[in-house]
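Colleague: Take this structure, written in structure tokens, and hold onto it; I'll ask about it next.
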Amino acid sequence: MVRDRVSPPPTTNNVPHKSCSVCGDCILWRRWLASSWENVTYCSASCRRASVDRARLQGEQRASTSSEAYRHGTVESEVSAA
């Protein structure tokens with residue numbers, strides 16, 4: 001009877017890793033992440049929240065600057081272009 005060889009369990013030397021997009025920490029591959037490894041971008045829930053908060057803040061800043069520009073007449077409206 002021939003048995004299939006089982007690969008050795010992964011060690012920290014031979015597992016894939018990524019960097020967190022917020023803090024830059026190393027994210028090591030884990031078995032429970034295997035099904036969604038290509039979607040992993042944050043090392044923790046706090047980094048995920050920080051990313052969402054940062055995007056929300058940038059969106060609010062963009063919205064306020066565009067509304068200020070609109071109020072001052074520096075943005076052409078679709079009505080005046082027609």
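Colleague: Can you figure out the FRET efficiency of N14 with S44, using R₀ = 22 Å and their beta-carbon distance, to the nearest 0.05?
Modeller: On the way: r = 24 Å, r/R0 = 1.08.
Efficiency computed from Cβ-Cβ geometry: 0.40.
Colleague: Pulled fully out, how much extra length does the chain show between E60 and L33, if you take 0.36 nm times their separation in residues and subtract their Cα-Cα distance?
Modeller: On the way: separation 27, 0.36 × 27 = 9.72 nm, distance 3.31 nm.
Difference between extended and current length: 6.4 nm.
Read-outs: derived from the displayed coordinates by stated rules, not from any lab. Quantities reported herein were computed from a predicted structural model and do not represent experimental measurements. Ideal geometry is used to build each Cβ from the backbone, glycine not excepted, and the neighbour counts take in all protein chains shown.
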